[in-house]
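S.K.: Below you will find the structure I want to go over with you.
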Amino acid sequence: MPIAMMTEAERSQALLDTMILNEQSRELTNSVEELRGEENDFAASLVSYADLFAAEVRERVWDMIRQHPEAHSRILSLLRTAIQWVERDRAEMKSHNFPKSAPEMKELDKLETLVRSMGRDTLRYMAVPNMPPDNGR
């Protein structure tokens, strides 16, 4: 059912469900990341499932965003704040001489890439409503 036709309670539940799915997708992706590139079929199957699940969740999130264009400026504001946090954390780690290859630095890099991608997509939706998401990420 389109979000515009839902009651406030249904919208809140849909948002909560999507947030839970997004967190589950993140956990699943992190869990199978070390299996990426493995040659055995089972590992490849798990990675493929995680990638498919992540794509479906991402599409669900973007459907919610597309249905609420009034929220785009708030989303961009939140993403700017997230980038500031990433930059602050990265500067703090550098001041403590964390190597660039440290897992924490790599996680910050991944988070920054995701946040910037979401910002680009949101700006595209603002410019061209009803545009499909960029699934080529």
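S.K.: Which residues, counting only those in segment 1-41, are surrounded by 13 or more Cβ atoms within 10 Å (Cβ to Cβ) and more than 23 Å from Gln67 (Cβ to Cβ)?
M.R.: Leu28, Thr29, Val32, Leu35, Arg36, Glu38
S.K.: Could you figure out which of (1) aliphatic (A, V, I, L, M); (2) surrounded by 14 or more Cβ atoms within 10 Å (Cβ to Cβ); (3) modelled with pLDDT under 90; (4) touching a helix residue (DSSP H, G or I) at 6+ places or on another chain (Cβ under 7 Å) isn't true of Leu114?
M.R.: (4)
S.K.: Hey, can you tell me all the residues within segment 3-42 that are closer than 20 Å to Ala55 by Cα and not in a helix (DSSP H, G or I)?
M.R.: Arg36, Gly37
S.K.: Another question about this same structure. Does Ala54 count as in contact (Cβ under 8 Å) with a residue 24 or more places away in the chain, farther than 21 Å from Glu112 by Cα and assigned to a helix (DSSP H, G or I)?
M.R.: no
S.K.: Sticking with this one: Considering only residues of segment 57-108 that are in a helix (DSSP H, G or I) and aromatic (Phe, Trp, Tyr), which is farthest from Thr122 (Cα to Cα)?
M.R.: Looking at residues that are in a helix (DSSP H, G or I) and aromatic (Phe, Trp, Tyr), I get Trp85.
S.K.: Can I ask one more? Kindly indicate whether Arg66 is of a type outside the set (A, V, I, L, M, F, W, C), surrounded by 14 or more Cβ atoms within 10 Å (Cβ to Cβ) and at pLDDT 85 or above.
M.R.: It is false that Arg66 is of a type outside the set (A, V, I, L, M, F, W, C), surrounded by 14 or more Cβ atoms within 10 Å (Cβ to Cβ) and at pLDDT 85 or above.
S.K.: Could you pull out the residue among Glu107, Glu112, Glu27 that is farther than 30 Å from Met6 by Cα and free of Cβ contacts under 8 Å to residues at least 12 places away in the same chain?
M.R.: After applying the criteria, what remains is Glu107.
S.K.: Which one of these does Ile75 not meet: (1) at pLDDT 85 or above; (2) surrounded by 15 or more Cβ atoms within 10 Å (Cβ to Cβ); (3) hydrophobic (A, V, I, L, M, F, W, C)?
M.R.: (1)
S.K.: Right, another one. For residues that are among the hydrophobic types (A, V, I, L, M, F, W, C) and free of Cβ contacts under 8 Å to residues at least 12 places away in the same chain, scanning just segment 57-87, find the one that is nearest to Met118 (Cα to Cα).
M.R.: Leu78
The values are calculated or read from the model by the stated rules, or taken from the named source; none is laboratory data. On a predicted model such as this, the values are computed, not experimentally measured, just so you know. Ideal geometry is used to build each Cβ from the backbone, glycine not excepted, and the neighbour counts take in all protein chains shown.
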